[in-house]
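**Q** Below are the C-alpha cells for one structure; questions will follow.
The values are calculated or read from the model by the stated rules, or taken from the named source; none is laboratory data. Computed from a predicted model, the values in this text were never measured in an experiment. Glycine also receives a Cβ, built like all others from the backbone with ideal geometry; neighbour counts cover every protein chain displayed. Calculation scope for accessible area: heavy atoms of the full protein, side chains included, ligands and nucleic acids excluded. Shrake-Rupley method; radii C 1.70, N 1.55, O 1.52, S 1.80 Å.
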Amino acid sequence: MQIRGPVIVGAVGVVAMVGAIAYGMVSGGFTDEFRAVLELPWGQVTLIDLAAGLLLIGAWIFWREGSVVRALPWWIAMTLTGNLASGLYVVWAARRSESMSEFFMGERSE
C-alpha cells in the first residue's frame with residue numbers, strides 16, 4: 001500500500017512548476033530578467049530562499065538514499081530544474097514507500 005499524501009503534494013508541485021517554467025519560457029527572456037531579479041533586494045532574498053530549500057531537500061535525499069550514486073542524479077536535476085525535481089523525487093519516493101516512516105527515512109526505517 002503506497003502512501004497518498006506526499007504523492008498528491010508532490011504531484012501538485014510538479015504540475016505547478018511545469019506550468020510556471022512553461023510560462024517563463026514562452027513569456028520572458030531568462031538572461032535579461034535574471035539580471036533584473038539580481039538587482040532587486042527581494043529577488044536576492046528569493047534566490048537565497050531557493051538555494052536554502054534545495055540544500056535542505058538535497059541533504060534529505062542524500063541521507064534518505066544512503067548512497068551518493070543514487071542521490072547525485074537528483075541533486076543535479078534539482079540544480080537544473082529547482083523544485084520541479086524536488087516534486088518528482090517526492091512522488092517517486094512516496095510511490096515506493098509503504099509507510100510515512102519509510103517515506104522520510106528510506107531503508108533506515110527498518
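**Q** Being closer than 18 Å to A94 by Cβ and of a type in the set (V, I, T) is the filter; apply it to region 41-65 and report the residue that is most open to solvent (accessible area, probe 1.4 Å).
**A** Ranking the qualifying residues of region 41-65, first place goes to I57.
**Q** Starting from residues that are of a type in the set (S, T, Y) and either in contact with a Phe, Trp or Tyr (Cβ under 7 Å, 6 or more places away or on another chain) or touching a residue at least 40 places away in the same chain (Cβ under 8 Å) (or both), keep the ones in region 67-110 and report whichever is nearest to G53 (Cα to Cα).
**A** S86
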